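This report concerns only the one structure given below.
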Amino acid sequence: VKDRVYPNDVVCEQARMGNAFYPTEDGVKAPFELPVVFEDSHFAIVNKPAGVNVNAHRKSGTGRMCVRAAAPYVLKPPAFGTVAIIRRPSPVHRLDKPTSGLLLIAKTKPAMVDLTRQFKERNIRKTYTAIVNGDPKECDEHTITSKEAHDLGCIDDRDAGEGMRWQLIDEPLEDNNKRMKSAVTVWRSRRQVDCPEAVDGVLTLVELKPKTGRYHQLRRHMAWVCKRPLVGD
């Protein structure tokens, strides 16, 4: 600390949480919008913007620029009589900071337990869209049908009968402890646009459905296996 602290100096301000769960009107709201897509007394779905962390990390300097800090200011308290309320709404899973998309937030302990179980048992399936730099080549060797993708647990029943063809990436990735873990992704191209500055002269919109959830799995699979990284990586 470079400056001396004197009596009555304000070092920081803390927003008092009304009824121990949600902030009062004089609280300081996070400096970004967090649209609520769905909400009831047990959980909510919000649309996380790109450039925002899901949780604040110690020594990261994130401060209020995270979903966990913003959620109490945009969500309603559970209805009177709701049991096992979580002190503050808590994200059930995470999305990378540069990624935008739907995020589940639990408001009660039973919701947190049940939604976490559904993610663990892969009853909840994720779909991502991304723009990659170039034309990721599709090959017959790695092509699978919608039924095969469904049997792998990557797509749900609604997509299984559409007859679409997917590209399979089954390439282990190293975790934070330097251990190799299974990582499975299926993807398909959706659209291309000309771009003289891009690899192959095009940008490609791809749809990706991961079976596993390794750290930066989709980014690493597209860059290292397909040799066509996401734009910006």
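The values are calculated or read from the model by the stated rules, or taken from the named source; none is laboratory data. This one's a predicted model, so the numbers in the text were calculated from it and none came from an experiment. Cβ sites come from the backbone with ideal geometry, for glycine too, and all protein chains shown count toward neighbours. All accessible areas refer to the heavy atoms of the entire protein, side chains included, with ligands and DNA or RNA removed. Shrake-Rupley method; radii C 1.70, N 1.55, O 1.52, S 1.80 Å.
Taking only pairs six or more apart or across chains, which ones have beta-carbon atoms under 9 Å, a first residue in region 178-189 that is closer than 13 Å to Gln217 by Cβ and assigned to a strand (DSSP E or B), and a second residue that is open to solvent by less than 40 Å² (accessible area, probe 1.4 Å) and among the polar types (S, T, N, Q)?
Within 9 Å, the pairs are Lys181/Thr212; Val184/Thr212; Val184/Gln217; Thr185/Gln167; Thr185/Thr212; Thr185/Gln217; Val186/Gln167; Trp187/Gln167.
Just checking, how many residues over region 28-55 are loosely packed, with under 13 Cβ neighbours inside 10 Å, of a type in the set (A, V, I, L, M) and at pLDDT 95 or above?
Looking only at that region, the number is 1.
Looking for something more than 19 Å from Lys211 (Cα to Cα), surrounded by 15 or more Cβ atoms within 10 Å (Cβ to Cβ) and either of a type in the set (Gly, Ala, Ser) or at pLDDT below 90 (or both) - is there at least one such residue anywhere in region 176-193?
Checked region 176-193: no residue is more than 19 Å from Lys211 (Cα to Cα), surrounded by 15 or more Cβ atoms within 10 Å (Cβ to Cβ) and either of a type in the set (Gly, Ala, Ser) or at pLDDT below 90 (or both).
May I ask you to list the residues in region 213-233 that are buried (at least 16 other Cβ atoms within 10 Å of the Cβ), under 21 Å from the mean Cα position of the chain (by Cα) and not charged (D, E, K, R)? Lay out the reasoning, then the answer.
If we filter region 213-233 for residues that are buried (at least 16 other Cβ atoms within 10 Å of the Cβ), which is where we start, we get 214, 217-223, 225-226, 228-230.
Adding the requirement that they be under 21 Å from the mean Cα position of the chain (by Cα) leaves 214, 217-223, 229-230.
Within region 213-233, Gln217, Leu218, His221, Met222, Ala223, Pro229, Leu230 qualify.
Search region 75-86 for residues that are of a type in the set (Val, Ile, Thr) and pair each with any residue that is open to solvent by 50 Å² or more (accessible area, probe 1.4 Å) when their beta-carbon atoms are under 7 Å apart and the residues are at least 6 apart or on different chains.
Once the first residue is of a type in the set (Val, Ile, Thr) and sits in region 75-86, its partners that are open to solvent by 50 Å² or more (accessible area, probe 1.4 Å) give Ile85/Phe21; Ile86/Lys109.
Kindly establish whether Arg64 is touching a residue at least 60 places away in the same chain (Cβ under 8 Å), out of contact with any strand residue (DSSP E or B) (no Cβ under 6 Å at 6 or more places or on another chain) and of a type outside the set (Gly, Ala, Ser). Give the derivation first.
Values: touching a residue at least 60 places away in the same chain (Cβ under 8 Å): no; out of contact with any strand residue (DSSP E or B) (no Cβ under 6 Å at 6 or more places or on another chain): yes; of a type outside the set (Gly, Ala, Ser): yes.
Taking the combined requirement at face value, the residue does not satisfy it.
I'd like to know if region 17-27 contains one or more residues that are at pLDDT 80 or above and either under 16 Å from the mean Cα position of the chain (by Cα) or open to solvent by 60 Å² or more (accessible area, probe 1.4 Å) (or both). Let's see the steps before the verdict.
Start the filter on region 17-27 by keeping residues that are at pLDDT 80 or above, which leaves none.
Checked region 17-27: no residue is at pLDDT 80 or above and either under 16 Å from the mean Cα position of the chain (by Cα) or open to solvent by 60 Å² or more (accessible area, probe 1.4 Å) (or both).
Tell me the helices (runs of 4 or more DSSP H) entirely within region 63-175 that contain at least 1 residues that are modelled with pLDDT of 85 or more and either open to solvent by 60 Å² or more (accessible area, probe 1.4 Å) or among the charged types (D, E, K, R) (or both). If you could, list the steps in order and put the result at the bottom.
Working: elements: 67-74, 109-120, 146-152, 157-160.
Passing ranges, in order: 67-74, 109-120, 146-152.
Can you run down the residue pairs with Cβ atoms below 8 Å, 6 or more apart or on separate chains, where the first is in region 39-56 and over 18 Å from Arg87 (Cα atoms) and in a strand (DSSP E or B) and the partner is open to solvent by less than 30 Å² (accessible area, probe 1.4 Å) and basic (Lys, Arg)?
If the second residue must be open to solvent by less than 30 Å² (accessible area, probe 1.4 Å) and basic (Lys, Arg), no pairs are left.
I'm trying to understand the selection: among the residues of region 196-212, which are more than 23 Å from Thr145 (Cα to Cα) and open to solvent by 30 Å² or more (accessible area, probe 1.4 Å)? Give the steps one after another, and end with the answer.
First, pick out the residues of region 196-212 that are more than 23 Å from Thr145 (Cα to Cα): 196-203.
Correct list: Pro196, Glu197, Val199, Asp200, Leu203.
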